[in-house]
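Written out below as structure tokens is the structure these notes cover.
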Amino acid sequence: MIALCFDVGGSKYVAGLVDSQGNVLCAQRYPWEALAPEGVVASLVAAGTQLLAAHPALRPEVVGVTIPGLAKPEEGLWVEASFSGIRDLPIGRLLREAFGLPVYGENDAKACALAEKRFGAARDTEDFLYITVSNGVGGAVFAGGRLLYGSGAAGECGHVTVVEDGRPCKCGKLGCLEMYAAGPGMSQTYLELTGEQVTGEQIAARARQGEAAAQQVFALEGEYLGRMLGMAANLLSPELVVVGGGLSLAFDLYEAALLRSLRAHMYAAANPRLRVVPTPLGYHGGLLGAAALAVCGAKGLYGYRGKAV
């Protein structure tokens, strides 16, 4: 089975064709001019149409799409992405109408957790946490080999409070993890330290060159993530944490600080075997998440709730 896959991020989107074994057959990345309700689906349709025209021998049977924020996978509905203004977008129905194929959609972190279970670091693990750190922060929980939903949004760790009375978040709270650990939050921290506005990628490059302020930003990154993961480990006692998203590529810059913070906030005796690793799926994690939706939806695997729209 080949899936037409869309990975929708906060700063970019990726269209690709992926087979059921997790092989990325082709992919194209595009920057958003602005992630907003107007034009999102049209951009995806244009990218998918171009990809299919360029590879006529690859014929997909299904579409998978990952989205940031809240989703209703049973309805193919993009409920909310607090940083974008998107609300209640029927992305599944619109993509089905465009391509004439069944569509599976889901929150990006849950989709990527399915990809880790199917193709990645968690293939032999029944109980794990997945966190994605990029333009936002999200998460998902696997328990007993099944994706945990709770009332629908289990694992949404980006809005855990890590700084009391901290930065205002678009969700309406103060001090959310996303406001500090996501790329824009890191840029804000660097601005406060230096007076200079730069991107997360530039901060990473400067940290690798030995700049003290950039290294301090990454130390704080590890502190905040470790604080949240310590709370999560105390509640859920996972065997493994997989860190995904764009900032997983800079994991070495904050790994030590994260582990220090995790140890400080975790009940160690209850979680003696907990490991924290960056995703092995790299930049294709989101695309493979979309493929995992198609595979798991069609086969009814791992408790995924999505239904073909």
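The values are calculated or read from the model by the stated rules, or taken from the named source; none is laboratory data. Fair warning: this is a prediction, and the values are worked out from it, not measured in the lab. Neighbour counts are summed over all protein chains in view; Cβ atoms, including those assigned to glycine, are modelled from backbone coordinates with ideal geometry. We work out accessible area using only protein heavy atoms, side chains counted, and drop any ligands, DNA or RNA first. Shrake-Rupley method; radii C 1.70, N 1.55, O 1.52, S 1.80 Å.
Summary table below
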item: Subset of region 96-107 that is over 14 Å from ARG305 (Cβ atoms) and in contact with a helix residue (DSSP H, G or I) (Cβ under 6 Å, 6 or more places away or on another chain) - its residue that is surrounded by the fewest Cβ atoms within 10 Å (Cβ to Cβ); result: ALA98
item: ILE131, sole failed condition from (1) modelled with pLDDT under 95; (2) not in a loop (DSSP other than H, G, I, E, B); result: (1)
item: Subset of region 116-161 [polar (S, T, N, Q) and open to solvent by 30 Å² or more (accessible area, probe 1.4 Å)]; result: SER134, ASN135, SER151, THR161
item: Residue in region 261-285 that is surrounded by the most Cβ atoms within 10 Å (Cβ to Cβ), counting only those that are among the β-branched types (Val, Ile, Thr) and part of a strand (DSSP E or B); result: VAL276
item: Residues within region 134-154 that are within 12 Å of the chain's Cα centre (by Cα) and closer than 15 Å to ALA81 by Cα, tallied; result: 6
item: Condition check for LEU258: open to solvent by less than 20 Å² (accessible area, probe 1.4 Å), assigned to a helix (DSSP H, G or I), free of Cβ contacts under 8 Å to residues at least 60 places away in the same chain and aliphatic (A, V, I, L, M); result: yes
item: Top-ranked residue of region 39-78 - restricted to ones that are open to solvent by 50 Å² or more (accessible area, probe 1.4 Å) and part of a strand (DSSP E or B), ranked as nearest to PRO90 (Cα to Cα); result: LYS72
item: Residues of region 267-309 satisfying the condition of being within 18 Å of ALA233 (Cβ to Cβ) and touching a residue at least 12 places away in the same chain (Cβ under 8 Å); result: TYR267, ALA270, ASN271, ARG273, LEU274, ARG275, VAL276, VAL277, PRO278
item: Residue in region 15-38 that is more than 22 Å from SER134 (Cβ to Cβ), in contact with a Ser or Thr (Cβ under 6 Å, 6 or more places away or on another chain), open to solvent by 20 Å² or more (accessible area, probe 1.4 Å) and in contact (Cβ under 8 Å) with a residue 40 or more places away in the chain present; result: no
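Condition check ((1) farther than 19 Å from LEU262 by Cα; (2) open to solvent by 70 Å² or more (accessible area, probe 1.4 Å)) across all residues:
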residue	(1), (2)
GLY175	no, no
GLU178	no, no
LEU193	yes, yes
GLN197	yes, yes
GLN216	no, yes
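The rows are residues; the columns are (1) at pLDDT 95 or above; (2) touching a helix residue (DSSP H, G or I) at 6+ places or on another chain (Cβ under 9 Å); (3) basic (Lys, Arg); (4) not in a strand (DSSP E or B).
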{"residue": "GLY138", "(1), (2), (3), (4)": "no, yes, no, no"}
{"residue": "GLY150", "(1), (2), (3), (4)": "no, no, no, yes"}
{"residue": "ASP165", "(1), (2), (3), (4)": "yes, no, no, yes"}
{"residue": "TYR190", "(1), (2), (3), (4)": "yes, yes, no, yes"}
{"residue": "GLN197", "(1), (2), (3), (4)": "yes, yes, no, yes"}
{"residue": "ALA204", "(1), (2), (3), (4)": "yes, yes, no, yes"}
{"residue": "GLY210", "(1), (2), (3), (4)": "yes, no, no, yes"}
{"residue": "ALA213", "(1), (2), (3), (4)": "yes, yes, no, yes"}
{"residue": "GLU223", "(1), (2), (3), (4)": "yes, yes, no, yes"}
